[in-house]
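Notes follow once the structure below has been shown.
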Amino acid sequence: MKSIASAPGKIILFGEHFVVHGTKAILAAIDKRVTVTSTFTENKTVKVNSQLGTLEMPVSFSCEEANSEFRPFVYLANKMINSNQNVNGVEITIDSDIPIGVGLGSSSACCVAAAASISGLFKELSSEEILKISIEAEKTIFPDTSGADCTVCTYGGMIVYDKIKGIEKIGNIFDLNLIIANSMIPHITKNSVEKVRKFKENNEERFSKLCAYETRIIADVIRVMEDEDEEDYNIIIGEKMVSNQMLLKEIQVSNDTLDGMIRSLTLAPDPDEDWYIDGAKITGAGDGGCVIALVGLDIAMEYKETEENLRRVRAVLGKDKECFSAKIDTGVRSKTEQ
Ligand code: PMV
């Protein structure tokens, strides 16, 4: 028997980092996915095949003994094998089209897809159960995770996330035309989160003000998204992205490359070029990784075929940056085959 599950990558539209400290965040699942295929094996081992290499470890070993990139898979496989006496081992194959280490949720999508795929060999779990064990798996490499990434990878669509209260669905979702641009600088989320924690410790009062600004930005965005009659929604959301970027800059998770990309994207439009971006910001932990840009509404309507939008963004950012359009996607999907 084969159990196959796929989960989407994600973008954070608003609230990264601040969400770790209790504010809300708005996230969306995107149409770049990771697929995990699991099968039973006769060997008493957990075997993981991925683009990063192969690992085979006796089931009796704990996940801490694996390299960090394999730890969540070993954790999940061990957890399920150990609760079922009739099973010897499991082999897991990971196939991903989400770029690694650039803030698009590759590791969370892997945790969610692996949780659904491995558990599918044993019994079908609910979305809540998949989410719970995928967050446990993610904590083996990133103990401070807010859980936001795994949540959007599980449920898909666009969500509001709160670390304590969990997921809230947004009532009405406008069609946002978003472009993702990769700075090609990899980052380590754990290090950026640690840096922000130190910033908070050294600037307690200012940090709580920044959290209050972030809360206000998110409340305004939710209000706009839920108001079907708001014609200027794209402009307002774009402005809020710009405000959110200022907060991220202040907590020092932006850098010259990211600032330069955002500046080039949001500069006043060329009068000869009928094309503009309403707002741009970092998405994810920052210190590298990706930025997102919201294409002006008239432009988005005119150039429905996103290739034209991408061509313009590439022209602004240069050839050394990877750009792609983001469509909002569904959450985890799974099936079994004999
Ligand atoms: O790992 P990334 O780049 O997808 O970003 C994670 C988002 C943070 O808010 C920085 C951390 C978290 O756990 O929410």
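The values are calculated or read from the model by the stated rules, or taken from the named source; none is laboratory data. The structure displayed is predicted, hence computed values, not measured ones. Please note: Cβ atoms are built from the backbone with ideal geometry, for glycine as well, and neighbour counts cover all protein chains shown. Note: accessible area is taken over every heavy atom of the protein model, side chains too, but ligands, DNA and RNA are not part of it. Shrake-Rupley method; radii C 1.70, N 1.55, O 1.52, S 1.80 Å.
Kindly establish whether E168 is away from the ligand (no atom under 14 Å from the Cβ), farther than 30 Å from G296 by Cα, of a type outside the set (K, R) and open to solvent by 10 Å² or more (accessible area, probe 1.4 Å).
no
Among the residues that make up the range 105-113, is at least one of them within 15 Å of the ligand (Cβ to nearest atom), in contact with a Leu (Cβ under 9 Å, 6 or more places away or on another chain), modelled with pLDDT under 95 and within 16 Å of A5 (Cβ to Cβ)?
Yes, the range 105-113 contains at least one residue that is within 15 Å of the ligand (Cβ to nearest atom), in contact with a Leu (Cβ under 9 Å, 6 or more places away or on another chain), modelled with pLDDT under 95 and within 16 Å of A5 (Cβ to Cβ).
Answer yes or no as to whether S126 is over 13 Å from M80 (Cβ atoms), open to solvent by 10 Å² or more (accessible area, probe 1.4 Å) and either in contact (Cβ under 8 Å) with a residue 24 or more places away in the chain or touching a Ser or Thr at 6+ places or on another chain (Cβ under 8 Å) (or both).
In short, no.
Note down all Cβ pairs under 7 Å where the first residue falls in the range 136-164 and is outside the structural domain of V19 (by TED's automatic domain parsing) and among the basic types (K, R), the second is surrounded by 23 or more Cβ atoms within 10 Å (Cβ to Cβ) and assigned to a loop (DSSP other than H, G, I, E, B), and they're at least six residues apart or on different chains.
Short answer, once both residue conditions are applied: none.
Filter the range 80-99 down to the residues that are under 17 Å from T140 (Cβ atoms) and either within 16 Å of the ligand (Cβ to nearest atom) or at pLDDT 95 or above (or both) and list them by number.
The answer is V90, I92, I94.
From the set of residues in the range 54-79 that are of a type in the set (D, E, K, R) and closer than 21 Å to K132 by Cβ, which is modelled with the lowest pLDDT?
Filtering first and then ranking leaves E64.
Would you mind stating whether G22 is within 16 Å of the ligand (Cβ to nearest atom), in contact with a Lys or Arg (Cβ under 9 Å, 6 or more places away or on another chain) and on the phi > 0 side of the Ramachandran plot?
yes
Would you check which residues across the range 114-138 are within 16 Å of the ligand (Cβ to nearest atom) and touching a Phe, Trp or Tyr at 6+ places or on another chain (Cβ under 9 Å) and list them?
Matches in the range 114-138: L131, E136, A137.
List the strands (runs of 3 or more DSSP E) that sit entirely inside the range 1-78 and contain at least 2 residues that are in contact (Cβ under 8 Å) with a residue 60 or more places away in the chain and surrounded by 20 or more Cβ atoms within 10 Å (Cβ to Cβ).
So the answer is 2-14, 25-41.
Please work out which residue is nearest to the ligand (Cβ to nearest atom), limiting yourself to the range 184-200 and to residues that are open to solvent by 10 Å² or more (accessible area, probe 1.4 Å) and polar (S, T, N, Q).
T189
Does A114 qualify as being open to solvent by less than 20 Å² (accessible area, probe 1.4 Å), in contact with a Pro (Cβ under 7 Å, 6 or more places away or on another chain) and within 17 Å of G284 (Cα to Cα)?
So A114 fails the test.
Are any residues in the range 189-229 of a type in the set (S, T, N, Q) and assigned to a helix (DSSP H, G or I), and if so, which ones?
Selection gives T189, N191, S192, N202, S208, T215.
Return the total of residues in the range 201-234 being open to solvent by less than 40 Å² (accessible area, probe 1.4 Å) and closer than 18 Å to V19 by Cβ.
So the count comes out to 10.
Does V90 qualify as being under 25 Å from H17 (Cα atoms), crowded, with 22+ Cβ neighbours inside 10 Å and not acidic (D, E)?
no
Looking at (1) at pLDDT 95 or above; (2) under 18 Å from the mean Cα position of the chain (by Cα), find the lone condition where E194 falls short.
(2)
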